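Structure, as structure tokens:
Values in this text are rule-based calculations from the coordinates and carry no lab data. Since the model is a prediction, treat every value here as computed from it, not as a measurement. Cβ placement follows ideal geometry from the backbone for every residue including glycine, while neighbour counts extend to all protein chains displayed.
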Amino acid sequence: MRKKIVAGNWKMYKDKSETIELISQLKEKLSSYTPEVEIIICPPYTSIELAGELIKNSKIFLGAQNMHSEIEGAFTGEVSGKMLKSFGVEYVILGHSERRSYFKETDEFINQKIKRAIEFDIKPIFCLGETLEERENGKTFDVVENQLTKGLSGISRIDLEKVVVAYEPVWAIGTGKTATPEQAQEVQSFLRTKISELYDSEIASKVRILYGGSVKPENAKDLFKQPDIDGGLIGGACLKADSFYQIILAAQF
Ligand code: PEP
């Protein structure tokens, strides 16, 4: 039985006081009842240290939204896995479509980052997904297979256990358009089969595959009920404690 994950991607939201407010509200809700779900928050770098202190002794894990593949060097504006690790970061979102499109991140670069994250014992939340144009041209499966294969290139079976995959159709991110549970399940079951072909069925059955793209309290349960959807990567709806908590609750059954 795979434990469900609900991860919040704060993106470029929440300054210092808003970080304190959101985390204290979330902790307050979780103090009355915490379901058996792995809860992760991924604040911006500026709030990483503070968030880490605020969630100490809680059931919330700390994640980051990105990292560079190098350990250190002349890369102005970048942050390394070594740095994140020193602040207690346990997960890192890699290959998010906003990084792929706005910052032109390639599959090869994402693959290097995944390897580096694993080296620093940070679990990658490896995002992939097709654009609307690719879906409409019948290319969804080719695109996600290509992203999956390149992203996992050179990653051993043992290391794969640390990787969380997130299927995020680009057309559903931040648009309010959610993939139907059937559409998401179809792709996620395909991804699991591909993982099984790349490695073996035992490890494929252990890898958590999240869905991301306009998940809200109203649609979370139907999505999370699908056999190959092991939780969600949440953008907009994680910015309010109430909606994030409702989604966490939807992940338990
Ligand atoms: C995301 O940023 O990963 C995401 C899924 O965003 P949203 O939930 O807002 O679509």
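Odds and ends about this structure:
- Helices in the chain, meaning DSSP H runs of at least 4 residues, each add -39500 (n - 2.57). Divided by all residues, the mean residue ellipticity at 222 nm is -12500 deg cm²/dmol.
- Over 26 Å between alpha carbons, listed pairs LYS104/LYS150; LYS4/LYS104; LYS56/LYS82; LYS14/LYS56: LYS4/LYS104
- Relative contact order [Cα under 8 Å, 6+ residues apart], the chain, whole percent: 22
- Lysines with Cα under 16 Å of LYS16, excluding same-chain neighbours fewer than 8 positions away: LYS240
- Contact order relative to length of region 38-85, as percent, for alpha carbon pairs under 8 angstrom and 6 or more apart: 34
- For region 1-67 versus region 145-190, the gap between their alpha-carbon centres in whole angstrom: 22
- Among 29-38, 85-94, the order from most to least packed when residues are scored by Cβ within 10 Å on average: 85-94, 29-38
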